[in-house]
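The values are calculated or read from the model by the stated rules, or taken from the named source; none is laboratory data. Computed from a predicted model, the values in this text were never measured in an experiment. Neighbour counts are summed over all protein chains in view; Cβ atoms, including those assigned to glycine, are modelled from backbone coordinates with ideal geometry. SASA here: full protein model, heavy atoms, side chains in, ligands and nucleic acids out. Shrake-Rupley method; radii C 1.70, N 1.55, O 1.52, S 1.80 Å.
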Amino acid sequence: MDRDKILLTPGPLTTTLRTKLAMLRDWGSWDADFNAVTASVRKSLLAVIHGQDSHVVVPLQGSGTFSVEAAVATLVPRDGHVLVLDNGAYCKRAARLTTLMGRRCTVMGFDDAVQVSPAALAERLQSDRTITHVVMIHCETGAGVLNPLQAVADVCAANGKGLIVDAMSSFGAIEIDARRTRFDALVAASGKCLEGVPGMGFVFIRKTLLDECAGRSQSLAMDLHDQYVYMEKTTQWRFTPPTHVVVALAEAIAQFEAEGGQPARLARYTSNYQTLITGMKKLGFKPFLDPAIQAPIIVTFHAPADAKYDFKTFYAAARARGFILYPGKLTQIETFRVGCIGAIGPDEMEQAVHAMGLALQDMGIASAAPA
Ligand SMILES: *Cc1c(COP(=O)(O)O)cnc(C)c1O
């Protein structure tokens, strides 16, 4: 098969040939041409959330987690108190990095299969006045839940609390409007719904907070305020930029804009999602989440009850047919995940479902129904 394997994973994901081709040149980090690409990427990113008036965007080398860590270190004072709304694996990661950054951290736990509750948050903020910041994950990529960003932002605003949003797997696909939704920082990355390659994150920071962020970070490399000041002054990145990742992202953003921006991306991912769900149900698979809270980003399926099922074999059989699946991230029950994002459409999704059907046949499984 000539085609690269299709990545049904939430990053890295399948990219277009045009995006890959953008990486065939070398760029100097001091060169004006490269710095113009950085500036243009930053401008486009702000436009995605209509954040030109309210926020700046600061890119950072590394995978998405580096930027979440940097946002916490840069935004939260060292004596701050962070409340993490936890309904999954990425929330737990955010709590862990907050603690490791030396900030006081309280976790407010919810079930993996429900949204975080703005009402419960409001109550907690009333009963514990020491909380300074709330961290939430917009789309919890662990199970695939879409969390209620607007309602959480409204509760934080009403209580005068800072809000840091990990919008890694939603940015570019789910609407986020900084004119309407109040947040201190919002974090995303190159290799998710913008369909770039992995290697850089970026953090939107409310302009009015920038000055007070100076000197908060205990880490040099993770200091977004320092990165911002340096970039504004010199147009360059502090430290070696991921040059090929940046130019690939510029190319990916051009395609994103040509496709019709966020609404068009959401429409394509929704049609991928519907094709997936319809096909998988025919095979007997059962999605883990209530469709009302499911984001069309990544879908968790229950493992089939058939004793002949085993994820490794299923994965290998789908892989042999050109599709890369993703293991489940739930601790209590056995599941696996299928991503709907990347430079693929319903045709590729149809083929993916077909490949999973053949994988079941290989394994002698007549129905994928769970226990
Ligand atoms: C992908 C993702 C991240 C970042 O993960 P990395 O492995 O560091 O790229 C963070 N949060 C969410 C919700 C994600 O989907």
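For the criterion of being assigned to a helix (DSSP H, G or I), touching a residue at least 60 places away in the same chain (Cβ under 8 Å) and surrounded by fewer than 21 Cβ atoms within 10 Å (Cβ to Cβ), His225 fails. The requirement of being within 16 Å of the ligand (Cβ to nearest atom) and out of contact with any Gly (no Cβ under 8 Å at 6 or more places or on another chain) is not satisfied by Phe66. Limited to region 167-188, what total is found for residues that are touching a Phe, Trp or Tyr at 6+ places or on another chain (Cβ under 6 Å) and at positive phi? Selection size over region 167-188: 0.
Go through region 336-371 and give me each residue that's within 15 Å of Leu8 (Cα to Cα) and among the β-branched types (Val, Ile, Thr). Selection gives Val338, Ile341, Ile344, Val353. Among the conditions (1) closer than 21 Å to Ser40 by Cβ; (2) surrounded by fewer than 24 Cβ atoms within 10 Å (Cβ to Cβ); (3) within 20 Å of the chain's Cα centre (by Cα); (4) among the basic types (Lys, Arg), Arg238 misses just one, which is (3). Among the residues making up region 309-337, those that are open to solvent by 60 Å² or more (accessible area, probe 1.4 Å) and farther than 15 Å from Leu358 by Cβ are Asp310, Lys312, Pro327, Lys329, Thr331, Gln332, Ile333, Glu334.
Which members of region 287-308 meet the condition of being crowded, with 17+ Cβ neighbours inside 10 Å and outside any strand (DSSP E or B)? Steps first, please.
If we filter region 287-308 for residues that are crowded, with 17+ Cβ neighbours inside 10 Å, which is where we start, we get 287-289, 293-304, 306.
Residues satisfying the conditions are Phe288, Leu289, Ile293, Ala295, Pro296, Ile297, Ala303, Pro304, Asp306.
In region 1-113, counting only strands (runs of 3 or more DSSP E) that sit wholly within it, the ones holding 3 or more residues that are open to solvent by 10 Å² or more (accessible area, probe 1.4 Å) span 104-109. Selection over region 195-211 of residues that are within 14 Å of the ligand (Cβ to nearest atom) and touching a Gly at 6+ places or on another chain (Cβ under 9 Å) gives a count of 6. In region 114-127, the residue that is farthest from Asp166 (Cα to Cα) out of those that are in a loop (DSSP other than H, G, I, E, B) and open to solvent by 40 Å² or more (accessible area, probe 1.4 Å) is Val114.
Residue under question is His138, and the condition is that it be surrounded by fewer than 24 Cβ atoms within 10 Å (Cβ to Cβ) and either away from the ligand (no atom under 16 Å from the Cβ) or not assigned by TED's automatic domain parsing to the domain that holds His302 (or both); does it hold? Judged against the criteria, His138 is not a match.
Here's the yes/no breakdown for (1) assigned to a loop (DSSP other than H, G, I, E, B); (2) within 16 Å of the ligand (Cβ to nearest atom); (3) surrounded by fewer than 22 Cβ atoms within 10 Å (Cβ to Cβ):
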position: Thr130; (1), (2), (3): yes, no, yes
position: Val134; (1), (2), (3): no, yes, no
position: Gln150; (1), (2), (3): no, no, yes
position: Ala157; (1), (2), (3): no, no, yes
position: Ile164; (1), (2), (3): no, yes, no
position: Ser169; (1), (2), (3): yes, yes, no
position: Arg182; (1), (2), (3): yes, no, yes
position: Val187; (1), (2), (3): no, yes, no
position: Cys193; (1), (2), (3): yes, yes, no
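Cβ-Cβ distances below 8 Å connect the following pairs, each with a first residue in region 22-47 that is in the same structural domain as Pro241 (by TED's automatic domain parsing) and in contact (Cβ under 8 Å) with a residue 40 or more places away in the chain, a second residue that is open to solvent by 30 Å² or more (accessible area, probe 1.4 Å) and of a type in the set (Phe, Trp, Tyr), and a separation of six or more residues or different chains: Phe34/Trp27; Val37/Trp27.
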